[in-house]
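Visitor: What follows is a single structure, and I will ask about it in a moment.
The values are calculated or read from the model by the stated rules, or taken from the named source; none is laboratory data. Treat the numbers as computed from the prediction; the structure is a model and nothing was measured. Cβ sites come from the backbone with ideal geometry, for glycine too, and all protein chains shown count toward neighbours. Ligands, DNA and RNA are excluded from the accessible area calculation, which covers all protein heavy atoms including side chains. Shrake-Rupley method; radii C 1.70, N 1.55, O 1.52, S 1.80 Å.
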Amino acid sequence: MLRIGPYEFSSRLLLGTGKFPDFDIQRRAVEVSETEILTFAVRRMNIYDPAQPNFLEQLDLQKYKLLPNTAGASTAEEAVRIARLARASGLCDMIKVEVIADTKTLLPDPIATLEATRILVEDGFIVLPYTNDDPVLARHLQEAGAHAVMPGASPIGSGQGILNPLNLSIIIEEATVPIIVDAGIGTPSDAVIAMELGADGVLLNTAVAGAKDPVKMAEAMMLAIKAGRLGYEAGRIPKKRYAQASSPMEGMSK
């Protein structure tokens, strides 16, 4: 089970809900992914006007835990305000902290992210900060009370996969809370690598929503994450410099 704060989940795939071509494809992709956690930008939700359609109306919300995020925030203060708005609207007590440093790279602001995490933990939120792949920052976020840490594999929406497996493996090795790889995953093989490194989960959006067939890609990612986790738990064979016969030579007739 994936445990985040007081919650337990059987799926290790977290799915974003933006960028889908239409609500029907979004609904089918969500269902086939077997995800139990859906994330969305609070700023893109019209939570005050029930006449405006949104994806929440298309889903059986009894099946899912909502994870609002603070996308669009550029300061810690903005992130905190968005999180409090989400909770006041009755959406959830979990929050993905996202504070972006600049609009070109969309890289997270490490100082503001850490500050917002500290404030929201004190406010009683279940906090999952999105951050870069810095092991030292990941440690500080855990010390600040984060319930999970979400390092990016590569820039948001880039599909470049895991650019720094060494740093990611160090973050995982030193972790005291779940590590969920977030941002940059492009293919099922990327998701497998993340899970084989020992990540506790993967958050996807563009890789699924932007695929030629989002429903098939959602299923592929679900299977990849399961396979990667099983491979990690099974333990791979050590790499060897030279070949080694799979059938021992001893005892064979000449």
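Visitor: Classify the stretch 139-254: rounded, prolate or oblate, from the alpha-carbon gyration tensor (a ≥ b ≥ c, eigenvalue square roots; a/c under 1.5 rounded; otherwise prolate if a/b is larger than b/c)?
Guide: Oblate is the answer for the stretch 139-254, as a/c is 1.5 or above yet b/c matches or exceeds a/b.
Visitor: Give me the percent of the accessible area of the chain that comes from carbon and sulfur atoms, probe 1.4 Å, all protein chains in place.
Guide: On the chain, the fraction of accessible area on carbon and sulfur atoms equals 53 percent.
Visitor: Could you list log10 I(q)/I(0) for the chain at q = 0.10 Å⁻¹, which the Debye formula gives when each Cα is one point scatterer?
Guide: -0.48
Visitor: Taking the Cα centre of the stretch 11-234 as origin, work out the dipole magnitude from +1 charges on Lys and Arg Cβ and -1 charges on Asp and Glu Cβ, in debye rounded to 20. Don't skip to the end; give the middle numbers.
Guide: Values: 19 positive and 29 negative charges, 83 e Å.
Here the stretch 11-234 has a charge dipole of around 400 debye.
Visitor: Would you mind working out the accessible area per residue for the stretch 69-179, using a 1.4 Å probe, and quoting it in Å²?
Guide: That works out to 42 Å² per residue.
Visitor: To the nearest 10 Å², what's F23's accessible area with a 1.4 Å probe?
Guide: Surface open to solvent at F23 totals about 80 Å².
Visitor: Put S10, S246 in order of accessible area, largest first, 1.4 Å probe: what do you get?
Guide: Heavy-atom accessible area, descending, gives S246, S10.
Visitor: For A144, list long-range residues whose amide hydrogen, built 1.01 Å from N in the peptide plane, is under 5 Å from its own amide hydrogen.
Guide: The list, which skips near neighbours in sequence, is empty: none.
Visitor: For the residue pair E143 and K239, what label-to-label distance in nm results when each label sits 7 Å from Cα along the Cα-to-beta-carbon direction?
Guide: Between E143 and K239, the simple spin-label model gives 3.3 nm.
Visitor: Next up: Along the charge dipole of the chain, Cβ charges K/R +1 and D/E -1, which of L2, I225, I172 sits furthest on the positive end?
Guide: So the residue furthest toward the plus end is I225.
Visitor: To the nearest 10 degrees, how steep is helix 165-174 against the longest Cα principal axis of the chain, on a 0 to 90 scale?
Guide: Helix 165-174 and the main axis of the chain meet at about 80 degrees.
Visitor: Under a point spin-label approximation (7 Å from Cα along Cα-to-Cβ), what is the I25-E122 distance to one decimal in nm?
Guide: 4.5
Visitor: Can I ask one more? Among the lysines in the chain, how many pairs, 8 or more places apart or on different chains, have alpha carbons under 19 Å apart?
Guide: Lysine pair count for the chain: 6.
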